[in-house]
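Undergrad: Below: one structure in structure tokens.
Please treat every number below as a calculation from the coordinates, not as lab data. As the structure is a prediction and not an experimental result, all values here were calculated from the model. Neighbour counts are summed over all protein chains in view; Cβ atoms, including those assigned to glycine, are modelled from backbone coordinates with ideal geometry.
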Amino acid sequence: MKKRAIISIALVLGMFAAGSAYAAGCNACGDGGKCKDPQAVQQFRNETSSLASELKAKNLELRKENGMEGIDINRTSALESEIRELKTRIRVVAEKLGMPACCIS
């Protein structure tokens, strides 16, 4: 009985600590995770809208490929590599505009 109570308390404290750590990450950009410069955010969206559309299409294509019976490893590897490349290009634009990583999502 005592052992269960100790384990339960340890689990609750662990969940509390994990929740606090997760919530602290939301304020990394300040103002509750919101980007401070709306003009930079708009410029970022304008510059990356085509990349974001392409990224969504590639993600959907990868999901379809993974849902098939016989997965083509070469095709999935190529798609994953294209997705990484698109994310890198989006990150480069964000860095050019001085946007923190939490504003890019």
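Undergrad: Could I have the simple spin-label model distance between Ala78 and Ala101, label points 7 Å from Cα toward Cβ, reported in nm to one decimal?
TA: For Ala78 paired with Ala101, the spin-label model returns 3.1 nm.
Undergrad: Computed over the Cα atoms, what is the radius of gyration of the range 35-103 divided by 2.2 N^0.38 Å, N being its residue count?
TA: Taking the Cα Rg and dividing by 2.2 N^0.38 Å, one obtains 1.34.
Undergrad: Between Ile71 and Ser49, what is the label-point separation in nm under the 7 Å Cα-to-beta-carbon projection?
TA: Output for this residue pair reads 3.5 nm.
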